[in-house]
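Only the coordinates and a few stated rules stand behind these numbers; no lab work does. In this text the structure is predicted, and so the values were computed from the model without any measurement. Cβ placement follows ideal geometry from the backbone for every residue including glycine, while neighbour counts extend to all protein chains displayed.
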Amino acid sequence: MSWRDTEVSAMWRADETELVAAEPVKSGGRLSVDPKLSDAWWATLNASLDSLAAQETTRVATPDTVTITQVGVTSTIGKAFGDHIDTTVDEWIPAHADLNWANVTAPDCWILDWEDWGLAPRGLDAATLWGNSLALPTLAERVHRERCADLESRCGRIMALFFCAKVVGEYGDPADPLYAPSCRQAKRLLEELQDAG
């Protein structure tokens, strides 16, 4: 349910959810140890994300509490890497829009924190989980392998570059464990997107 409050110029929303008592893979901060997730865990995550992507909605995702738009994607990437590649997103699908290690549980896979979900560029969820894994190369490779169809799509590459742009861009911190791997991945992604024309 949602409603507009004209007195304080705000939009309020209430969502009915289920109580999940399972612990997040990593509460807050960066993941620094590979959680060694089971094949069953990955199967549940994949089935959940595939099911979500197949849904229909008019709701637009709000990653970082900001409505995702083509202008925002282009601006974020452009500020970090210049405007020499086409960042046009041509696939918009339902996404969680905040898929990081604090929002998934283990050993059983539950996805938490749904307030930002809605339409987003294909690959946003996969790129966010992959990007938050870059400090642990084997985990990042596993995310890439599991969500390869999304991450290898043109939109998925743009979303991976979008993630990297947020890490290394205007407010980037070279001390962040994701900074150096994001720089390396951004170089690769820029080359791939340029080659694809």
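Before moving on, here are some points about what is shown:
- Fewest-first ranking of 42, 130, 12, using other Cβ atoms within 10 Å as the exposure measure: 12, 42, 130
- Between the range 130-145 and the range 1-78, the alpha-carbon center distance in angstrom: 19 Å
- Distant-in-sequence amide H partners of residue 60 (H built 1.01 Å from N, under 5 Å): 119
- Helices in the chain, meaning DSSP H runs of at least 4 residues, each add -39500 (n - 2.57). Divided by all residues, the mean residue ellipticity at 222 nm is -13000 deg cm²/dmol.
- Computed from phi, the 3J(HN,Hα) profile of the range 96-106 under the Karplus parametrisation 6.51, -1.76, 1.60 (θ = phi - 60°) reads 5, 6, 8, 7, 10, 6, 7, 10, 10, 10, 8 Hz, with x in place of Gly and Pro.
- The ratio of the alpha-carbon radius of gyration of the range 24-196 to the globular-protein estimate 2.2 N^0.38 Å is 0.96.
- Candidate cross-link partners of residue 36 among the lysines, defined by an alpha-carbon separation under 28 Å and a same-chain spacing of 8 or more, comprise 26, 166.
- Fraction of beta bridges assigned by DSSP in the chain that are antiparallel (%, nearest 5): 90 percent
- Relative contact order [Cα under 8 Å, 6+ residues apart], the chain, whole percent: 22 percent
- Label-to-label distance, nm, for residues given as residue 71 and residue 4 (7 Å Cα→Cβ offset): 1.8 nm
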